[in-house]
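Below is one structure, written out as structure tokens; the observations come after it.
The values are calculated or read from the model by the stated rules, or taken from the named source; none is laboratory data. This is a predicted model, so every value here is computed, not measured. Positions of Cβ are backbone-derived with ideal geometry, glycine not excepted, and every protein chain shown enters the neighbour counts. Calculation scope for accessible area: heavy atoms of the full protein, side chains included, ligands and nucleic acids excluded. Shrake-Rupley method; radii C 1.70, N 1.55, O 1.52, S 1.80 Å.
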Amino acid sequence: LDRFGFGLETQTLGRFTSTTSAIKAQTENKTAKAAKESKTFQAIQEERREQAERSVLISCPSKINENTFLDDLSKHGTINKHFFYNSYGAYAVVEFSSRESIASLKESTNIPAVEHEAAVPFKSRLLSLKWPGSQSSNHPMPKFKVQSPLSINEISQLLSEKDSIDEQLQCLTEALELTEENVRLRFLVCSLLQDIAGAYFPECIIRPFGSTVNSFGKLGCDVDMILDLDGIYATSQKKGSGLSLEYQVKRGASERAVTQSILSVIGKCVDQFGPGCVGVQNILQARCPLVRFAHQPSGFQCDLTANNRVAMKSSELLFLYGQLDPRVRHLVFSVRCWARAHSITSSIPGAWITNFSLTVMVVFFLQQRNPPILPTLDRLKELAGPSDKCVIEGNDCTIVSDLSKITLQQNTDTLEKLLQEFFEFYGNFPFNKTSINIRKGKEQTKPETTALYIQNPFETTLNISKNVNATQLERFVALCRESAWLLQQKEILNQCPDSPWGFAALLLPSVTSGAGVKSRRKRKLEPASSRIKNLLDSLKIKGGETVAKKGNA
Ligand code: CTP
Ligand code: MG
């Protein structure tokens, strides 16, 4: 035990309790967003990263006395923020106001004595709290923050209580989006990983990208990470006086080969030394080599890549689009949720449309409104200042970082109208000859015969949806048409608190997709959906004509 009444132990590999207790507190606190709105993407990332470096993750008993816990920890310095959550046991994230506190805390933390096993003595910021035996249980339990998403059934119920489709879509975003705490936890996990990679490359930074930072992340989505080694090259460019020295280095056949070799070593360290990191897989032959693993204490699935700066820029671009108009995020969350409910997207890699592709499709659709809701990527480049200039591996990735330079046109379409038009737009899109291009904000002739062609925003010779096959695209189109048709039916728009209506009705299993009957049974939604079923049955009989007519238009 340390001098403060309870004992902290460094968590070492292979020592986890698997007590599952799913305590669900109400989602709350989407704070700090408004305050951050005027900051650039980079400034937000830096602030989060710096917060994470002053934070620790502590496994603790679920009946913890919060006050005693905080009192004891405060002896190491001021605590800025803390919260508790459950993931195979209770955990606390504690952010100190200064890094010295972490050093002080680590000094009073022990490597555990492990019976029948041996510990890898790696001192990370993932700790275990040993509570002294006789703690009174009269104190209130701490509030545990929810880190997992709602199920489709829970979402459906929540939406059915709303008064309009617009309210439903807004509520959906609030229910699904990453919470302040979840984002902090994501940055903390990156920071913990950085401590491992930092043993080899002290100047490295592990940064989250993708849906963790692009403002379209949903609770439960993976954490995409980049091992950023740019800091190392920066130090070597400083000019010294007189003699010029160089590091002797090993060489690889190509940049890709060097990336693979670095990732394979870091992957091995994560596997063998990383407390809480399990199921490590090196996927080094992929177009973008990566190490995949699960971080058990946070419950996150992590994908660590390296040398992937363009992907970080795409995350910034999507973030920027998400900030320009609140309808962007509402529409993206709705379309992603709808696609997941109908198995258009999947957590397993394959020929499915990905969330990234869907987001770009929503952006493209919003660029096509009259007047446009979103500017083209070329316009964002024109507005960029000198400090925004960015070229990565020959690709011009320049975009404006100051949002206040962007003027938007007046478009007052409701979310309901936009959702309806989204389904009509893609239900009738000439996918066979046309590609989606958000740089120009215009349809372009498809350069190759893949089913779905969405130009990569920055690596313009690449197609982000190359993986999608004709069957998956046809399912997407059929579901768009069905949903467009359903939204035109009065029955769907009639509010009904006991039965899925409006957007919730669009989440019901489809009649046109093959998996419809099976999943309908699985989700147990029949009793509430008989009127929808009648509608869908009538679509089955008559809808073919409607769809065919529209399709030819
Ligand atoms: N990416 C890309 N080209 C692709 C796939 C992905 O450039 N063909 C980049 C995008 O920046 C994307 C990021 O890699 O945001 C992460 O990919 P992924 O995890 O598939 O998408 P997310 O946007 O993170 O969405 P999800 O919530 O499904 O994880
Ligand atoms: Mg992701």
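The number of residues in the range 304-357 being part of a helix (DSSP H, G or I), within 20 Å of PRO509 (Cα to Cα), within 10 Å of ligand 1 (Cβ to nearest atom) and over 14 Å from the mean Cα position of the chain (by Cα) comes to 1. Please work out if GLY279 is surrounded by fewer than 17 Cβ atoms within 10 Å (Cβ to Cβ) and either assigned to a helix (DSSP H, G or I) or touching a strand residue (DSSP E or B) at 6+ places or on another chain (Cβ under 6 Å) (or both). Yes; evaluated as a whole, the condition is true for this residue. The single condition from (1) over 23 Å from the mean Cα position of the chain (by Cα); (2) of a type outside the set (Ser, Thr, Tyr); (3) within 15 Å of ligand 1 (Cβ to nearest atom) that PRO202 fails is (3).
Residues are listed down the side, and each one gets a yes or a no for (1) modelled with pLDDT of 60 or more; (2) touching a Pro at 6+ places or on another chain (Cβ under 7 Å); (3) among the aromatic types (Phe, Trp, Tyr); (4) surrounded by 20 or more Cβ atoms within 10 Å (Cβ to Cβ):
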| site | (1), (2), (3), (4) |
| --- | --- |
| LEU462 | yes, no, no, no |
| VAL468 | yes, no, no, yes |
| THR471 | yes, no, no, no |
| GLN489 | yes, no, no, no |
| ILE492 | yes, no, no, yes |
| TRP501 | yes, no, yes, yes |
| LEU506 | yes, no, no, yes |
| LYS518 | no, no, no, no |
| GLU526 | no, no, no, no |
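Checking ARG379, ARG369 one by one, the residue that is of a type in the set (Lys, Arg) and closer than 22 Å to HIS330 by Cα is ARG369 and no other. Out of PHE300, PHE209, PHE273, PHE216, one residue alone is in contact with a helix residue (DSSP H, G or I) (Cβ under 7 Å, 6 or more places away or on another chain) and open to solvent by 70 Å² or more (accessible area, probe 1.4 Å). It is PHE273. Count of the range 62-78 residues, restricted to those that are buried (at least 16 other Cβ atoms within 10 Å of the Cβ) and not aromatic (Phe, Trp, Tyr), is 8. Against the test of being within 16 Å of ligand 2 (Cβ to nearest atom) and among the aromatic types (Phe, Trp, Tyr), the options PHE201, PHE216 yield a single qualifying residue, PHE216. Taking the range 414-441, which residues are under 27 Å from GLN488 (Cα atoms), free of Cβ contacts under 8 Å to residues at least 60 places away in the same chain and open to solvent by 30 Å² or more (accessible area, probe 1.4 Å)? Scanning the range 414-441 gives LYS417, GLU421, PRO430, ASN432.
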